[in-house]
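Below: the structure, in structure tokens.
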Amino acid sequence: MLLSELVEALDINLERTPFVYRIMRIVIHYFFFIFFFLRQGVSTTPGDNDEEGGEGYLLAPASRLLLEEDPLG
């Protein structure tokens with residue numbers, strides 16, 4: 001998920017959006033998320049190839065265990 005997609009999904013006040021980056025850096029440090037850089041022309045949404053390059057985030061393997069749909073969780 002790109003940072004811009006995350007901000008839209010969180011539905012937070014627009015004045016607070018610059019701080020989402022800082023929060024994500026903290027949770028990456030504690031291994032809840034994995035940081036990746038998305039190349040231009042590659043999309044995180046199936047069927048959509050017009051995505052710009054940018055920073056993205058994935059759940060770390062240990063964090064996936066906390067999801068309801070995880071069979072081991």
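Observations, loosely collected:
- Scanning the stretch 11-22 for residues that are surrounded by 11 or more Cβ atoms within 10 Å (Cβ to Cβ), out of contact with any helix residue (DSSP H, G or I) (no Cβ under 6 Å at 6 or more places or on another chain) and of a type outside the set (Phe, Trp, Tyr) gives ILE12, ARG16.
- Test: residue in the stretch 44-63 that is under 14 Å from SER4 (Cα atoms), of a type in the set (S, T, N, Q) and either in a strand (DSSP E or B) or at pLDDT below 85 (or both): yes
The values are calculated or read from the model by the stated rules, or taken from the named source; none is laboratory data. Because the structure is predicted, anything quoted here is derived from the model rather than measured. Neighbour counts are summed over all protein chains in view; Cβ atoms, including those assigned to glycine, are modelled from backbone coordinates with ideal geometry.
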